[in-house]
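The values are calculated or read from the model by the stated rules, or taken from the named source; none is laboratory data. What you are looking at is a predicted structure, and each value in this text was computed from that prediction instead of being measured. Using ideal geometry, Cβ is built from the backbone for each residue, glycine included, and neighbour counts are taken over all protein chains shown. These area figures cover heavy atoms from the full protein model, side chains too; ligands, DNA and RNA do not enter into them. Shrake-Rupley method; radii C 1.70, N 1.55, O 1.52, S 1.80 Å.
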Amino acid sequence: MRCEMNEEYFFANNLKYLRRKYNIEQQELAEELGRKSGSTVSDWERGKFVPRIGTLSQIAERFNISVNDLMRTDLTVHTPIAPNMIEVSEMVKIPVLGTIACGEPIDAIENVSEYRLMPKDMKPSGELFYLEAQGDSMEPKIYNGSFVLCRKQEDVESGEIAAVLVNGDEQTTLKKVIKQGDTIFLQALNEAYAPYIITKENPARIVGKALRVENEL
């Protein structure tokens, strides 16, 4: 027997599955569907509500499946692969090292808390790890609760976003690194936050470069 609740459940899980399978960020999909924020896609994936039939048709067309399959089939068990899509044959595990502040610095990065899967053929080079963002200082690019994919490295170019240890390696924060001569600033994207200026009295150490954001609120 089919009911509306089942359709909502299948849609939420199928959308998350398809988006991750084809390595599409929530913000990217939202923009393709004419939405301004990835939070809309996040709400769909959490089952808060189901979009109108026109949007459902757009989503189904985007992944070359039928609306019926999107709403009433568990695609995590079996997904029909369209001719113009490449099926991912192997996944790799990337560790989540805990939380990182997008606001005031928080305690240093913890040990591995979980793992997230990524298609092997889409994995960036280098030693990778995820951090879960907390706070709003990096909005609108990085929302509270987002997972940030980072590559372990000790320096970044000016203008790039990095995971940085501050206060004697006791706290960690996520900020845009700005280099002006001998001065280095850790700049928030949210203008409500003042920059953190790195000095001898306020040292900092870059531990990774942010590569990708998965905004899953």
Take the residues of the range 158-177 that are more than 24 Å from MET118 (Cβ to Cβ) and open to solvent by 40 Å² or more (accessible area, probe 1.4 Å): which is nearest to the chain's Cα centre (by Cα)?
LYS176
Scanning the range 141-151 for residues that are out of contact with any helix residue (DSSP H, G or I) (no Cβ under 9 Å at 6 or more places or on another chain) and open to solvent by 40 Å² or more (accessible area, probe 1.4 Å), the one nearest to GLU214 (Cα to Cα) turns out to be ASN144
Every residue in the range 191-211 that is under 18 Å from TYR143 (Cα atoms) and open to solvent by less than 40 Å² (accessible area, probe 1.4 Å), please.
ALA210
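Among the charged types (D, E, K, R), modelled with pLDDT of 85 or more and more than 15 Å from the chain's Cα centre (by Cα) - does that describe any residue in the range 142-151?
There is no residue in the range 142-151 that is among the charged types (D, E, K, R), modelled with pLDDT of 85 or more and more than 15 Å from the chain's Cα centre (by Cα).
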Scan the range 189-215 for residues that are under 27 Å from ALA30 (Cα atoms) and touching a Lys or Arg at 6+ places or on another chain (Cβ under 6 Å) and report the count.
3
Residue match in the range 173-193 (condition: at positive phi and touching a residue at least 12 places away in the same chain (Cβ under 8 Å))
no
Quickly run through the range 1-52 and pick out the residues that are more than 16 Å from GLY145 (Cβ to Cβ), at pLDDT 80 or above and of a type in the set (Phe, Trp, Tyr).
PHE10, PHE11, TYR17, TYR22, PHE49
Looking only at the range 94-140, which residues are open to solvent by 50 Å² or more (accessible area, probe 1.4 Å), at pLDDT 75 or above and either touching a His at 6+ places or on another chain (Cβ under 7 Å) or of a type in the set (S, T, N, Q) (or both)?
SER125, GLN134
